[in-house]
Amino acid sequence: MSEDKKASFESLPVSEGIAAPRVSNVPLVSGPEPAIRKSVNEIYEHPLAVRYCHWLSSFSLVILAMSGLAIFKLFPSFGPKIPQHDLIHNIPRFFMLGGWLGGALRWHFTFAWVYVATGVVYVGYQVLSGNFRQMLFLPRDLRGVWPVARHYFLARPKPVGTEAYNPLQKLAYTSLILIGAFSVVTGMVLFNPVQFSFLADLMGGFHRARMWHFASLLMLGAFVLGHLVMVAIHGMNNFMSMLTGWKKDPEYVRTGTTPAPVKSKPQN
(Lines give C-alpha, C1' and ligand atoms only; values in the text may rest on other atoms or scores of the structure.)
Protein backbone atom coordinates (compact mmCIF):
# COMPACT_ATOMS: atom_id res chain seq x y z
CA MET A 1 0.00 0.00 0.00
CA SER A 2 1.43 3.42 -0.93
CA GLU A 3 2.20 6.04 1.69
CA ASP A 4 -0.51 8.39 0.44
CA LYS A 5 -3.15 5.75 1.01
CA LYS A 6 -5.68 6.93 3.61
CA ALA A 7 -7.72 5.09 6.19
CA SER A 8 -10.42 6.05 8.66
CA PHE A 9 -11.32 4.18 11.77
CA GLU A 10 -14.86 3.55 12.92
CA SER A 11 -15.73 4.30 16.52
CA LEU A 12 -16.56 1.28 18.60
CA PRO A 13 -19.09 1.26 21.43
CA VAL A 14 -17.51 1.60 24.84
CA SER A 15 -19.27 -1.58 25.91
CA GLU A 16 -17.08 -3.56 23.52
CA GLY A 17 -13.99 -2.42 25.37
CA ILE A 18 -12.30 0.72 26.51
CA ALA A 19 -11.03 1.73 23.11
CA ALA A 20 -13.19 3.77 20.79
CA PRO A 21 -10.68 4.91 18.14
CA ARG A 22 -11.43 8.11 16.27
CA VAL A 23 -8.82 8.50 13.57
CA SER A 24 -9.49 9.85 10.11
CA ASN A 25 -7.34 10.65 7.11
CA VAL A 26 -4.37 8.86 8.59
CA PRO A 27 -1.46 7.92 6.31
CA LEU A 28 -0.39 4.29 6.47
CA VAL A 29 3.13 3.00 5.97
CA SER A 30 3.52 0.05 3.63
CA GLY A 31 5.89 -2.81 4.25
CA PRO A 32 6.08 -6.37 5.58
CA GLU A 33 5.03 -5.25 9.08
CA PRO A 34 1.43 -4.29 9.96
CA ALA A 35 0.47 -0.76 9.01
CA ILE A 36 1.71 1.89 11.43
CA ARG A 37 -0.28 5.06 11.88
CA LYS A 38 1.91 8.13 11.43
CA SER A 39 -0.45 10.67 12.92
CA VAL A 40 -2.08 10.83 16.32
CA ASN A 41 -4.59 8.18 17.30
CA GLU A 42 -7.12 8.99 20.01
CA ILE A 43 -8.85 6.51 22.27
CA TYR A 44 -11.92 7.36 24.30
CA GLU A 45 -10.47 6.05 27.54
CA HIS A 46 -12.41 7.85 30.29
CA PRO A 47 -16.23 7.98 30.00
CA LEU A 48 -18.07 11.00 31.35
CA ALA A 49 -19.25 9.20 34.48
CA VAL A 50 -15.69 8.23 35.37
CA ARG A 51 -14.40 11.77 34.88
CA TYR A 52 -17.26 13.27 36.86
CA CYS A 53 -16.66 10.93 39.79
CA HIS A 54 -12.89 11.43 39.59
CA TRP A 55 -13.03 15.21 40.02
CA LEU A 56 -15.91 15.28 42.48
CA SER A 57 -14.35 12.65 44.73
CA SER A 58 -10.99 14.45 44.51
CA PHE A 59 -12.55 17.72 45.63
CA SER A 60 -14.51 15.95 48.38
CA LEU A 61 -11.37 14.21 49.61
CA VAL A 62 -9.54 17.53 49.92
CA ILE A 63 -12.40 19.00 51.98
CA LEU A 64 -12.58 15.87 54.14
CA ALA A 65 -8.83 15.91 54.77
CA MET A 66 -8.76 19.60 55.71
CA SER A 67 -11.80 19.42 57.97
CA GLY A 68 -10.56 16.13 59.43
CA LEU A 69 -7.23 17.68 60.37
CA ALA A 70 -9.10 20.53 62.05
CA ILE A 71 -11.23 18.05 64.01
CA PHE A 72 -8.20 16.12 65.12
CA LYS A 73 -6.31 19.29 66.06
CA LEU A 74 -9.20 20.36 68.28
CA PHE A 75 -9.82 16.87 69.69
CA PRO A 76 -6.45 15.02 69.53
CA SER A 77 -7.29 11.66 71.02
CA PHE A 78 -6.61 8.08 70.00
CA GLY A 79 -7.34 6.76 73.49
CA PRO A 80 -5.80 6.86 76.97
CA LYS A 81 -2.64 4.95 75.98
CA ILE A 82 -1.64 7.53 73.36
CA PRO A 83 -0.56 11.08 74.33
CA GLN A 84 -3.50 13.47 74.24
CA HIS A 85 -1.58 16.72 73.85
CA ASP A 86 0.56 17.84 70.92
CA LEU A 87 -0.01 14.54 69.14
CA ILE A 88 -0.13 16.51 65.91
CA HIS A 89 1.03 20.07 66.31
CA ASN A 90 2.08 23.00 64.18
CA ILE A 91 -0.49 22.28 61.47
CA PRO A 92 -0.73 25.43 59.32
CA ARG A 93 -4.22 26.93 59.33
CA PHE A 94 -4.15 26.82 55.55
CA PHE A 95 -4.48 23.02 55.75
CA MET A 96 -7.46 23.08 58.10
CA LEU A 97 -11.07 23.94 57.44
CA GLY A 98 -13.93 24.86 59.74
CA GLY A 99 -12.40 27.30 62.22
CA TRP A 100 -13.83 25.56 65.29
CA LEU A 101 -14.85 22.02 66.16
CA GLY A 102 -18.52 22.43 65.26
CA GLY A 103 -17.69 24.12 61.95
CA ALA A 104 -15.14 21.46 61.04
CA LEU A 105 -17.64 18.71 61.83
CA ARG A 106 -20.27 20.34 59.58
CA TRP A 107 -17.86 20.53 56.67
CA HIS A 108 -16.73 16.95 57.29
CA PHE A 109 -20.18 15.38 57.54
CA THR A 110 -21.53 17.33 54.56
CA PHE A 111 -18.80 16.24 52.19
CA ALA A 112 -18.73 12.75 53.65
CA TRP A 113 -22.17 12.27 52.06
CA VAL A 114 -20.89 13.69 48.76
CA TYR A 115 -17.89 11.34 48.97
CA VAL A 116 -20.09 8.30 49.65
CA ALA A 117 -22.62 9.17 46.93
CA THR A 118 -19.85 9.68 44.38
CA GLY A 119 -18.28 6.36 45.32
CA VAL A 120 -21.61 4.55 44.92
CA VAL A 121 -22.15 6.11 41.48
CA TYR A 122 -18.60 5.26 40.43
CA VAL A 123 -18.72 1.62 41.53
CA GLY A 124 -22.22 1.22 40.12
CA TYR A 125 -21.17 2.57 36.75
CA GLN A 126 -18.07 0.38 36.64
CA VAL A 127 -20.10 -2.75 37.37
CA LEU A 128 -23.08 -2.02 35.11
CA SER A 129 -20.97 -0.89 32.15
CA GLY A 130 -18.35 -3.61 32.52
CA ASN A 131 -15.70 -0.90 32.54
CA PHE A 132 -14.23 -2.37 35.73
CA ARG A 133 -12.62 -5.21 33.75
CA GLN A 134 -9.88 -2.93 32.44
CA MET A 135 -8.71 -1.80 35.90
CA LEU A 136 -9.57 -4.64 38.29
CA PHE A 137 -6.47 -6.28 39.75
CA LEU A 138 -6.55 -10.05 39.27
CA PRO A 139 -4.12 -12.81 40.30
CA ARG A 140 -2.78 -12.98 36.73
CA ASP A 141 -1.62 -9.36 37.08
CA LEU A 142 0.59 -10.14 40.07
CA ARG A 143 3.64 -11.16 38.03
CA GLY A 144 3.55 -7.86 36.13
CA VAL A 145 3.70 -5.60 39.21
CA TRP A 146 7.43 -5.89 39.88
CA PRO A 147 8.62 -5.13 36.32
CA VAL A 148 6.56 -1.92 36.31
CA ALA A 149 7.64 -0.95 39.84
CA ARG A 150 11.27 -1.64 38.89
CA HIS A 151 10.88 0.71 35.93
CA TYR A 152 9.58 3.58 38.04
CA PHE A 153 11.69 3.14 41.17
CA LEU A 154 14.92 1.68 39.77
CA ALA A 155 14.95 3.29 36.30
CA ARG A 156 14.88 -0.06 34.54
CA PRO A 157 13.48 -0.54 31.02
CA LYS A 158 9.75 0.03 30.78
CA PRO A 159 7.64 -3.07 30.09
CA VAL A 160 5.62 -2.92 26.90
CA GLY A 161 2.12 -1.66 27.60
CA THR A 162 -0.57 -4.05 26.43
CA GLU A 163 -3.59 -2.66 28.28
CA ALA A 164 -5.00 0.71 29.27
CA TYR A 165 -3.83 0.11 32.86
CA ASN A 166 -0.60 -1.65 33.74
CA PRO A 167 -0.53 -4.17 36.64
CA LEU A 168 0.81 -1.61 39.12
CA GLN A 169 -1.99 0.81 38.24
CA LYS A 170 -4.56 -1.95 38.59
CA LEU A 171 -3.21 -2.79 42.03
CA ALA A 172 -3.31 0.87 43.05
CA TYR A 173 -6.85 1.54 41.78
CA THR A 174 -8.27 -1.68 43.19
CA SER A 175 -6.65 -0.92 46.54
CA LEU A 176 -8.07 2.62 46.36
CA ILE A 177 -11.62 1.27 46.20
CA LEU A 178 -10.99 -0.92 49.25
CA ILE A 179 -9.31 1.90 51.20
CA GLY A 180 -12.15 4.27 50.29
CA ALA A 181 -14.72 1.76 51.53
CA PHE A 182 -12.70 1.26 54.71
CA SER A 183 -12.61 5.02 55.33
CA VAL A 184 -16.40 5.12 55.00
CA VAL A 185 -16.95 2.22 57.40
CA THR A 186 -14.63 3.68 60.04
CA GLY A 187 -16.27 7.07 59.52
CA MET A 188 -19.69 5.53 60.16
CA VAL A 189 -18.48 4.40 63.57
CA LEU A 190 -17.22 7.89 64.41
CA PHE A 191 -20.43 9.47 63.12
CA ASN A 192 -22.73 7.29 65.24
CA PRO A 193 -20.82 4.94 67.56
CA VAL A 194 -24.00 3.79 69.32
CA GLN A 195 -25.91 2.75 66.21
CA PHE A 196 -22.81 1.12 64.72
CA SER A 197 -21.49 -0.28 67.99
CA PHE A 198 -21.04 -3.72 66.42
CA LEU A 199 -18.59 -2.20 63.93
CA ALA A 200 -16.85 -0.33 66.75
CA ASP A 201 -16.40 -3.62 68.60
CA LEU A 202 -14.86 -5.22 65.51
CA MET A 203 -12.39 -2.35 65.27
CA GLY A 204 -11.40 -2.48 68.93
CA GLY A 205 -13.58 0.34 70.21
CA PHE A 206 -14.25 3.98 69.35
CA HIS A 207 -10.69 5.18 69.80
CA ARG A 208 -9.30 2.37 67.67
CA ALA A 209 -11.87 3.17 64.99
CA ARG A 210 -10.62 6.75 65.03
CA MET A 211 -7.09 5.47 64.64
CA TRP A 212 -8.11 3.32 61.65
CA HIS A 213 -9.97 6.27 60.15
CA PHE A 214 -6.86 8.42 60.42
CA ALA A 215 -4.79 5.59 58.90
CA SER A 216 -7.17 5.49 55.93
CA LEU A 217 -6.52 9.22 55.41
CA LEU A 218 -2.77 8.57 55.36
CA MET A 219 -3.21 5.77 52.83
CA LEU A 220 -5.44 7.92 50.61
CA GLY A 221 -2.91 10.73 50.90
CA ALA A 222 -0.10 8.39 49.84
CA PHE A 223 -2.13 7.32 46.82
CA VAL A 224 -2.85 10.91 45.81
CA LEU A 225 0.82 11.83 46.13
CA GLY A 226 1.88 8.88 43.98
CA HIS A 227 -0.89 9.65 41.51
CA LEU A 228 0.29 13.25 41.10
CA VAL A 229 3.88 12.08 40.59
CA MET A 230 2.73 9.72 37.83
CA VAL A 231 0.77 12.52 36.17
CA ALA A 232 3.88 14.70 36.25
CA ILE A 233 6.01 11.90 34.78
CA HIS A 234 3.62 11.09 31.95
CA GLY A 235 2.89 14.69 31.04
CA MET A 236 -0.25 16.54 30.01
CA ASN A 237 -1.62 13.74 27.85
CA ASN A 238 -2.92 11.77 30.83
CA PHE A 239 -4.20 14.90 32.55
CA MET A 240 -6.09 16.10 29.48
CA SER A 241 -7.61 12.66 28.96
CA MET A 242 -9.29 12.99 32.36
CA LEU A 243 -10.76 16.31 31.22
CA THR A 244 -11.91 15.34 27.72
CA GLY A 245 -12.07 11.55 27.90
CA TRP A 246 -9.76 11.15 24.88
CA LYS A 247 -6.17 9.99 25.17
CA LYS A 248 -3.78 10.73 22.32
CA ASP A 249 -1.63 7.94 20.94
CA PRO A 250 -1.70 5.57 23.95
CA GLU A 251 1.05 2.99 24.14
CA TYR A 252 -1.22 -0.03 23.90
CA VAL A 253 -2.46 1.29 20.54
CA ARG A 254 1.04 2.04 19.24
CA THR A 255 2.08 -1.52 20.03
CA GLY A 256 -0.98 -2.88 18.25
CA THR A 257 -2.55 -4.36 21.37
CA THR A 258 -5.78 -2.40 21.71
CA PRO A 259 -8.33 -4.08 23.96
CA ALA A 260 -10.98 -3.54 21.29
CA PRO A 261 -10.50 -4.33 17.61
CA VAL A 262 -9.71 -1.44 15.28
CA LYS A 263 -11.66 -1.37 12.03
CA SER A 264 -10.33 0.37 8.98
CA LYS A 265 -11.83 1.30 5.65
CA PRO A 266 -9.35 2.26 2.92
CA GLN A 267 -10.50 5.27 0.94
CA ASN A 268 -10.15 5.59 -2.79
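The values are calculated or read from the model by the stated rules, or taken from the named source; none is laboratory data. Here the structure is a predicted model, which means the values were calculated and not measured. Counting neighbours? That spans all protein chains shown, and the Cβs are built from the backbone with ideal geometry, glycine included.
Annotations
- As for segment 94-101, it holds at least one residue that is part of a loop (DSSP other than H, G, I, E, B), modelled with pLDDT under 95 and surrounded by fewer than 11 Cβ atoms within 10 Å (Cβ to Cβ).
- Within segment 106-134, the set of residues being touching a residue at least 12 places away in the same chain (Cβ under 8 Å) and among the aliphatic types (A, V, I, L, M) comprises Ala112, Val114, Val116, Val121, Val123.
- When Gly187, Gly161 are checked against the criterion of being within 16 Å of Ala112 (Cα to Cα) and not hydrophobic (A, V, I, L, M, F, W, C), a single residue qualifies: Gly187.
- When Ile91 is tested against the conditions (1) among the β-branched types (Val, Ile, Thr); (2) within 28 Å of Ile71 (Cα to Cα); (3) modelled with pLDDT under 95; (4) crowded, with 18+ Cβ neighbours inside 10 Å, the lone failure is (4).
- In this structure, Ser183 does not satisfy being hydroxyl-bearing (Ser, Thr, Tyr), in contact with a Phe, Trp or Tyr (Cβ under 9 Å, 6 or more places away or on another chain) and surrounded by fewer than 17 Cβ atoms within 10 Å (Cβ to Cβ).
- Restricting segment 188-205 to residues that are in a loop (DSSP other than H, G, I, E, B) and among the small types (Gly, Ala, Ser), the residue that is surrounded by the most Cβ atoms within 10 Å (Cβ to Cβ) is Gly205.
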